[in-house]
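For reference, the structure discussed in these notes is given below.
The values are calculated or read from the model by the stated rules, or taken from the named source; none is laboratory data. Nothing here was measured: the structure is a model prediction, and the numbers come from that model. Don't worry about glycine lacking a Cβ; one is built from the backbone with ideal geometry, like all the others, and counts go over all protein chains shown.
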Amino acid sequence: MSLIDEKRILRGTMLAWRGTLTETDRRAAANGLLAMFQREQPFETPAVVSGFWPIKEEIDIRPLMIELFNQGCQLALPVVQGKGQRLLFRAWRPGDPLEAGVFGTLQPSPKREVIEPEALLVPLLACDEDGWRLGYGGGFYDRTLADLRAKGRAIAVGVAFGAQLIPEIPHGPQDQRLDWLLTDQRACAFV
């Protein structure tokens with residue numbers, strides 16, 4: 001089986017699993033994620049931090065984003081620029097209006113300042129104990145992390161439900177490893 005096929009099958013499995021979670025499960029996970037961040041502190045604050053607006057039943061990181069803002073962090077949300085390109089990040093504060101982006105995302109207005117994050121909260125479908133991440137297949141975060149890391153150090157923190165940590169993720173040469181995985185149940189550093 002090809003790498004593309006392996007990833008496609010795993011994506012389908014993980015999307016189906018995520019669809020089984022109840023609202024109670026999701027609220028508890030968002031609170032657990034915040035508590036795990038407060039306990040583990042995968043990066044120092046204040047910092048310039050990119051998050052994301054959850055889509056496709058992703059873990060809700062908005063409580064964590066509010067906490068980061070309260071700790072003095074400059075926040076940003078990603079903007080997809082186009083196929084084959086890296087992400088752009090626009091400044092965002094809790095309460096700022098958002099606009100529709102591609103793939104069902106919400107993003108800050110083009111009037112907001114473009115900033116480069118020092119730490120990125122990265123969505124995922126699955127992650128393994130070596131820090132390999134499975135995303136949706138567009139390669140946006142892989143290209144972005146490669147570019148940011150070439151310019152200096154950017155900390156990539158995958159955020160997920162605890163059951164999204166699995167034994168092995170198929171990966172190729174273009175894939176970028178995470179520095180940390182933070183779930184509602186545990187944290188892993190991949191240093």
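Filter segment 47-104 down to residues that are at positive phi and touching a Pro at 6+ places or on another chain (Cβ under 9 Å) and give me whichever is modelled with the lowest pLDDT.
LYS56
Are there any pairs, at least 6 apart or on different chains, whose C-beta atoms fall under 9 Å, with the first in segment 84-112 and closer than 24 Å to ASN70 by Cα and free of Cβ contacts under 8 Å to residues at least 12 places away in the same chain and the second part of a loop (DSSP other than H, G, I, E, B) and not aromatic (Phe, Trp, Tyr), and if so, which?
Taking only residues 6 or more apart or on different chains, the pairs are GLU99/PRO108; GLU99/SER109; GLU99/PRO110.
Considering only segment 1-34, state which residues are surrounded by 13 or more Cβ atoms within 10 Å (Cβ to Cβ) and of a type in the set (Gly, Ala, Ser).
Within segment 1-34, ALA28, ALA29, ALA30, GLY32 qualify.
Of the conditions (1) farther than 21 Å from LYS7 by Cβ; (2) assigned to a loop (DSSP other than H, G, I, E, B); (3) among the charged types (D, E, K, R), ASP130 fails just one. Which one is it?
(1)
Can you name the number of the only condition in (1) surrounded by fewer than 23 Cβ atoms within 10 Å (Cβ to Cβ); (2) touching a Leu at 6+ places or on another chain (Cβ under 8 Å) that PHE89 fails?
(1)
Name every residue in segment 1-52 that is out of contact with any Leu (no Cβ under 7 Å at 6 or more places or on another chain), aliphatic (A, V, I, L, M) and assigned to a helix (DSSP H, G or I), in order of residue number.
LEU3, ILE4, ILE9, ALA16, ALA28, ALA29, ALA30, ALA35 - these are the residues of segment 1-52 that are out of contact with any Leu (no Cβ under 7 Å at 6 or more places or on another chain), aliphatic (A, V, I, L, M) and assigned to a helix (DSSP H, G or I).
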